[in-house]
Amino acid sequence: MSVIDYMVSVSGKDEREKFYNEMHKKGFKDHMDTKEEIINSTYPFAISLKRKKIMVIPSATQCYLMDREGKVLSLDKFKQKINW
């Protein structure tokens, strides 16, 4: 079973920083990356709900595989999915 539950696509530095801060307010912690690395990345946020971790996995292959499983979501769909 994958540690990553969803990948969340958020564009633009300001929007990414806002989402990052909202997730931290909900108790999520950085996995290994720094805040700057996560916000400045062009890859989707990777979210582990069980472990309450937020990260970026800079892998087009991982994005493709998660997308095939329907696990790459827009910000709005992610918020609906987890009852934000």
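The values are calculated or read from the model by the stated rules, or taken from the named source; none is laboratory data. Owing to the predicted nature of the structure, the values given are computational and were not obtained by experimental measurement. Ideal geometry is used to build each Cβ from the backbone, glycine not excepted, and the neighbour counts take in all protein chains shown.
Note on region 13-30: residues that are of a type outside the set (Asp, Glu), over 11 Å from the mean Cα position of the chain (by Cα) and under 21 Å from LYS77 (Cα atoms) amount to 7. Of all residues in region 1-28, those that are more than 20 Å from LYS71 (Cβ to Cβ) and without any contact (Cβ under 8 Å) to a residue 60 or more places away in the chain have Cβ atoms under 6 Å from Cβ atoms of residues that are surrounded by 14 or more Cβ atoms within 10 Å (Cβ to Cβ) and aliphatic (A, V, I, L, M), 6 or more apart or on another chain, in GLU17/ILE39.
For region 31-51, the criterion of being in a helix (DSSP H, G or I), of a type in the set (Val, Ile, Thr) and under 12 Å from the mean Cα position of the chain (by Cα) is met by at least one residue. For residues in region 1-25 being out of contact with any Leu (no Cβ under 8 Å at 6 or more places or on another chain) and small (Gly, Ala, Ser), which is modelled with the lowest pLDDT? Among them, the one singled out is SER2.
I'd like the residue in region 27-84 that is aliphatic (A, V, I, L, M) and over 17 Å from VAL10 (Cα atoms) and, out of all such residues, is surrounded by the most Cβ atoms within 10 Å (Cβ to Cβ). This residue is LEU65. When the criteria are applied in full, GLU17 fails the requirement of being out of contact with any helix residue (DSSP H, G or I) (no Cβ under 9 Å at 6 or more places or on another chain), more than 15 Å from ILE4 (Cβ to Cβ) and not aliphatic (A, V, I, L, M).
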